[in-house]
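Everything below concerns the one structure shown next.
The values are calculated or read from the model by the stated rules, or taken from the named source; none is laboratory data. This one's a predicted model, so the numbers in the text were calculated from it and none came from an experiment. No Cβ is skipped: glycine too gets one built from the backbone with ideal geometry, and neighbour counts run over all protein chains shown. In case anyone asks, the SASA skips ligands and DNA or RNA and just uses the protein heavy atoms, side chains included. Shrake-Rupley method; radii C 1.70, N 1.55, O 1.52, S 1.80 Å.
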Amino acid sequence: VADAAQRVIDRANDVVPRVIVVGPPDVPGRQNEDKVDLGLRAAAFLEGAEYVSMLDQSFEYLPDQTHLTEAGHAAFAARVAAAIKR
């Protein structure tokens with residue numbers, strides 16, 4: 001994850017003035033989000049990008065416990081928007 005993310009961030013740094021990497025939320029129906037978060041955070045740090053972790057955020061999920069509800073998507077988007085405004 002870190003190597004692939006680092007390549008993407010490096011390319012993005014060539015064409016945009018600011019790169020923000022958003023990590024995964026802690027999804028009840030999945031595992032290893034903490035490992036993905038760590039890899040993305042490391043890649044962002046190495047490439048000078050901003051990193052926004054979502055692991056500590058709580059979102060509403062559909063009964064499958066994997067996909068966000070409409071309200072969950074709105075809350076996720078609001079947190080991303082807040083990061084962009086900072």
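Worth pointing out:
- Mean separation of Cα contacts under 8 Å, 6 or more apart, over the residue count of the chain: relative contact order %: 30 percent
- Point-charge dipole on Cβ atoms (K/R +1, D/E -1) for region 1-81, about Cα centre, debye to 20: 180 debye
- Highest mean packing first, where packing is the average number of other Cβ atoms within 10 Å per residue, the peptides 2-8, 38-44, 67-73 line up as 38-44, 2-8, 67-73.
- For Y61, the residues whose modelled amide H falls within less than 5 Å of its own, excluding neighbours fewer than 5 places apart on the same chain, are T69.
- Positive-end residue, the chain charge dipole about Cα centroid, Cβ charges, pick of A12, Y51, T66: A12
- Cα-based helix-to-principal-axis angle, 2-13 vs the chain, degrees rounded to 10: 60 degrees
- Rolling a 1.4 Å probe across the protein heavy atoms gives the chain an accessible surface of 66 Å² per residue.
- Debye-sum result for the chain in log10 I(q)/I(0), which assumes one identical scatterer on each alpha carbon, at q = 0.11, 0.12 Å⁻¹: -0.32, -0.38
- Full extension of the chain segment joining K85 with D64 gains 4.3 nm, where the gain is 0.36 nm per residue of separation less the Cα-Cα distance.
- Carbon + sulfur, % of accessible area of the chain - ligands and nucleic acids excluded, 1.4 Å: 55 percent
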